[in-house]
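J.: Attaching a single structure in structure tokens format; questions to follow.
The values are calculated or read from the model by the stated rules, or taken from the named source; none is laboratory data. Values in this document were obtained by computation on a predicted structure and should not be read as measured data. All Cβ positions, even for glycine, are placed from backbone atoms using ideal geometry, and neighbour counts span all protein chains on display.
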Amino acid sequence: MMKKILSYSWLAIVALFMYIPVLILAFYSFTDSTTIGAVRGFSLHNYVTLFTTEELRNMIAGTLLLAVGAAVISSILGTVGAVGAFYSRPFTRNLVENANRIPVVNADVVTAFSICILLIVVLGIEKNTFIPLVIGHVVLCTPFVYLAVMPKLKQMDNGLYEAALDLGATPFQALYKVVIPQIVPGIVSGFMLSITLSLDDYFISTYTKPATFDTISTYVVNATRGAQTEIKTALWALSTVIFLVVILAVVIMNLAAAGTEKKQEVSAYEGREKV
């Protein structure tokens, strides 16, 4: 009994440290307060400012477009890399996996500076083309897609792919019709994680973005230095909206996964009944 109380208490403490700051920010986003600590009346002014200010709308739209585009490219590259490494020889697979870990554990500022030197200084690609920015976000996200897809490949029954080849399917058909459906949950997880990483990134965006373009992270940092109070408090509302969207996405993914698992259990049970 005491162990359960201690374990639940520890979980509660961790949850408080993780979520209380966000909840405080969400609370003040629904007030007229201009600083944290001075509680004033209830108001939706910050949300009205957020969705009616053209500068903020353009910044959010540009960030979302960048995040989705980078996530799509990263999902393709990460999935292809994971499938290729999985069906390679053990030495090649271990080499690719070890190389994939380097960008994951490497500091973002090092990755950002390296990309800046390679693309902008060495190759001479202009920032205004958005190419360095997109490539930087793809480099950031692709290793995480790889890490999300590889466990699904290891859980998959390899006999399915070989059976498809024995039944006359080409390697591409076997990959598209047999392997990909088995690893869709990993691809979706990698895609969602890529969007989160892209939205959260600051260093790569700072080093590679055009001077006239801002992502949410770079805009927030710049806003804390000299933006109008109205804009600063509207960013509280933006943080709250992002937090709620993330919660909604997690709930939907968990419900979808639970539904899929239940269908599989029902199918397996029906199969046993027929036998």
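J.: Could you list all residues from region 155-177 that are more than 29 Å from A258 (Cβ to Cβ) and not in a helix (DSSP H, G or I)?
T.: L167, G168, A169, T170
J.: Another one. What do you reckon, is V109 exposed (fewer than 14 other Cβ atoms within 10 Å of the Cβ) and assigned to a helix (DSSP H, G or I)?
T.: Details: exposed (fewer than 14 other Cβ atoms within 10 Å of the Cβ): yes; assigned to a helix (DSSP H, G or I): yes.
When the stated conditions are applied, V109 passes them.
J.: Can I ask one more? Listed residues V14, V39; which is among the hydrophobic types (A, V, I, L, M, F, W, C) and in contact with a strand residue (DSSP E or B) (Cβ under 9 Å, 6 or more places away or on another chain)?
T.: The unique qualifying residue is V39.
J.: Does L50 satisfy the criteria of being closer than 11 Å to T233 by Cα, surrounded by 12 or more Cβ atoms within 10 Å (Cβ to Cβ) and under 30 Å from the mean Cα position of the chain (by Cα)?
T.: yes
J.: To continue, here is another question. Return the total of residues in region 179-202 being surrounded by 15 or more Cβ atoms within 10 Å (Cβ to Cβ), over 14 Å from Y146 (Cα atoms) and over 16 Å from the mean Cα position of the chain (by Cα).
T.: So the answer is 2.
J.: Only one residue in I120, I180 is part of a helix (DSSP H, G or I), over 27 Å from R93 (Cα atoms) and touching a Ser or Thr at 6+ places or on another chain (Cβ under 9 Å). Which one?
T.: Step by step, each of I120, I180 is checked, and only I120 is part of a helix (DSSP H, G or I), over 27 Å from R93 (Cα atoms) and touching a Ser or Thr at 6+ places or on another chain (Cβ under 9 Å).
J.: Among the listed residues I115, I76, which satisfies the condition of being touching a Ser or Thr at 6+ places or on another chain (Cβ under 8 Å), farther than 16 Å from T233 by Cα and surrounded by 12 or more Cβ atoms within 10 Å (Cβ to Cβ)? Break it down stepwise before answering.
T.: Working: I76 fails: touching a Ser or Thr at 6+ places or on another chain (Cβ under 8 Å).
Of I115, I76, the one residue that is touching a Ser or Thr at 6+ places or on another chain (Cβ under 8 Å), farther than 16 Å from T233 by Cα and surrounded by 12 or more Cβ atoms within 10 Å (Cβ to Cβ) is I115.
J.: Right, another one. If you take the residues in region 223-249 that are modelled with pLDDT of 80 or more and of a type in the set (S, T, N, Q), which one is farthest from L65 (Cα to Cα)?
T.: Filtering region 223-249 for residues that are modelled with pLDDT of 80 or more and of a type in the set (S, T, N, Q), the one farthest from L65 (Cα to Cα) comes out as T233.
For every residue, the table says whether it meets (1) at pLDDT below 90; (2) in contact with a Phe, Trp or Tyr (Cβ under 9 Å, 6 or more places away or on another chain); (3) more than 20 Å from T212 (Cα to Cα).
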site: A82; (1), (2), (3): no, yes, yes
site: P90; (1), (2), (3): yes, no, yes
site: L95; (1), (2), (3): no, no, yes
site: V104; (1), (2), (3): yes, yes, yes
site: I120; (1), (2), (3): yes, yes, no
site: E126; (1), (2), (3): yes, no, no
site: I131; (1), (2), (3): no, no, no
site: H137; (1), (2), (3): no, no, no
